[in-house]
Amino acid sequence: MYIQINHISKAFQKEGQNVLHDISFGVQKGSLTALLGPSGSGKTTLLRILAGLETATAGSASIDGQAIESVTPQDRGIGFVFQNYALFRYLTVYQNIAFGLKTHHRPAAEIKQRVTDLLALTGLSELANRYPDQLSGGQKQRAAFARAIAPHPKVLFLDEPFAALDKQIRQELRSWLKQLIHHLGITSIFVTHDHEEAIETADEIVVMNQGRVQQIGTPTEIYNQPSCQFVAEFIGHASILTSPDLNGFALPEKPFTVQVRPERVQIFKKTGQPTDTAHLTIATVKDVIFRGATMTVKLDLNGQSLLANRSALQPGLVIGEQVSILIEQLVVFKHGTGILEKNQLPTTTPLKSYAIN
Ligand SMILES: Nc1ncnc2c1ncn2[C@@H]1O[C@H](COP(=O)(O)OP(=O)(O)OP(=O)(O)O)[C@@H](O)[C@H]1O
């Protein structure tokens with residue numbers, strides 16, 4: 001692994017409580033990894049330890065085979081991008097990007113070429129002579145990115161890089177950054193508390209809570225197969241139900257918990273539709289929220305709330321109406337671990353044939 005973290009723990013004061021507990025994982029060369037977790041889960045502390053800005057109480061880490069403590073911070077080859085841009089206010093975009101190269105005493109011609117290339121790569125050529133105050137948030141963040149990668153760092157660390165931007169710019173910048181990082185092949189770790197951001201951007205996600213790693217996996221794995229209840233509740237929109245009676249599944253003995261994604265719930269109006277009681281469950285419509293192309297339907301299932309997505313093109317639902325629901329799949333939690341279960345529909349009854357109303 002290009003970045004390897006072995007059993008890192010951290011307490012800020014002597015005999016103080018650990019804010020990181022025995023963290024171990026690896027990051028592959030050229031990949032983009034998200035450290036995802038709620039506020040206070042230890043993401044920034046871990047990133048600062050890797051950058052040499054903080055020391056671990058126990059454990060070790062290496063970048064490209066070199067133990068981080070064996071190299072001085074300025075020789076580690078780390079680029080950093082922060083949430084608040086941290087551009088130098090009294091330097092132009094050009095001078096900001098050139099800054100790291102100058103401190104590395106690179107020849108003037110090389111600096112000029114590199115900055116010109118990076119201005120083009122980040123779409124800032126026209127703005128080279130502007131000062132940070134004369135840029136939009138997205139432009140500032142692109143300049144910060146160019147400045148961080150200018151000295152050819154081995155790794156790039158980004159701490160909440162999109163947090164100060166509004167939603168649309170954030171989304172644009174995410175896919176821009178993802179493409180650019182893959183194009184450049186620079187191994188990167190970014191910190192975020194936004195699950196959508198991690199899912200859309202990262203190759204691999206490390207989910208953290210209270211200083212511990214909860215799950216490591218690709219966005220698809222983390223989304224579809226949460227390994228513990230914390231991940232099930234933290235990642236994406238889902239309903240968490242306690243010991244529900246659901247047809248179509250071999251559920252364990254009560255008590256247990258299930259996580260159901262709203263896109264895995266199909267709703268059938270009962271009129272004219274024979275109810276398959278082996279695989280469908282009865283529920284009551286509590287609310288219908290119009291969201292444009294889709295609707296979010298809040299269902300009551302024996303006193304528990306279940307969310308379902310429904311296309312706005314499907315027949316409307318009335319509040320209080322009884323419906324049949326088909327849950328295609330869910331994750332069952334018993335004794336702390338999660339298991340993905342599919343509805344036991346006979347293979348001769350493809351899901352599509354249910355999806356007609
Ligand atoms: N210098 C410090 N001294 C003492 N405690 C600290 C220090 N820095 C961080 N902490 C504590 O360590 C824990 C983890 O903080 P950290 O900033 O790493 O979390 P985070 O997941 O990055 O949170 P956020 O998303 O809010 O930035 C918190 O409880 C925080 O109060």
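Numbers for the structure displayed
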{"quantity": "Pair list, Cβ < 9 Å and 6+ apart or interchain, from the stretch 1-16 residues that are away from the ligand (no atom under 14 Å from the Cβ) to residues that are open to solvent by 20 Å² or more (accessible area, probe 1.4 Å) and among the acidic types (Asp, Glu)", "calculated": "Tyr2/Asp64; Ile3/Asp64; His7/Asp22"}
{"quantity": "Filter result (among the acidic types (Asp, Glu) and in a loop (DSSP other than H, G, I, E, B)) within the stretch 270-290", "calculated": "Asp276"}
{"quantity": "The stretch 119-146: number of residues that are assigned to a helix (DSSP H, G or I) and open to solvent by 40 Å² or more (accessible area, probe 1.4 Å)", "calculated": "9"}
{"quantity": "Entirely in the stretch 189-269, the helices (runs of 4 or more DSSP H) that have 3 or more residues that are surrounded by 17 or more Cβ atoms within 10 Å (Cβ to Cβ) and not aliphatic (A, V, I, L, M)", "calculated": "195-201, 229-234"}
{"quantity": "Subset of the stretch 147-188 that is polar (S, T, N, Q) and over 23 Å from Ala51 (Cα atoms) - its residue that is surrounded by the most Cβ atoms within 10 Å (Cβ to Cβ)", "calculated": "Gln171"}
{"quantity": "Any hit, the stretch 163-179, residues being within 14 Å of the ligand (Cβ to nearest atom) and more than 12 Å from the chain's Cα centre (by Cα)", "calculated": "yes"}
{"quantity": "Phe333 vs. criteria open to solvent by less than 30 Å² (accessible area, probe 1.4 Å), touching a residue at least 40 places away in the same chain (Cβ under 8 Å), under 24 Å from Ile222 (Cβ atoms) and among the aromatic types (Phe, Trp, Tyr)", "calculated": "yes"}
{"quantity": "Selection within the stretch 30-63 - outside any strand (DSSP E or B), touching a Gly at 6+ places or on another chain (Cβ under 8 Å) and away from the ligand (no atom under 15 Å from the Cβ)", "calculated": "Gly30"}
{"quantity": "Residue match in the stretch 78-95 (condition: out of contact with any Cys (no Cβ under 7 Å at 6 or more places or on another chain), more than 14 Å from Val213 (Cβ to Cβ), within 11 Å of the ligand (Cβ to nearest atom) and without any contact (Cβ under 8 Å) to a residue 40 or more places away in the chain)", "calculated": "no"}
{"quantity": "Residue satisfying all of: in the stretch 90-115; in a helix (DSSP H, G or I) and among the β-branched types (Val, Ile, Thr); most open to solvent (accessible area, probe 1.4 Å) among these", "calculated": "Thr103"}
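The values are calculated or read from the model by the stated rules, or taken from the named source; none is laboratory data. Since the structure is predicted, the reported quantities are computational estimates derived from the model, not experimental observations. So basically every Cβ, Gly included, is an ideal-geometry build from the backbone, and we count neighbours across all protein chains shown. What goes into the accessible areas is simple: the full protein's heavy atoms, side chains included, and nothing from ligands, DNA or RNA. Shrake-Rupley method; radii C 1.70, N 1.55, O 1.52, S 1.80 Å.
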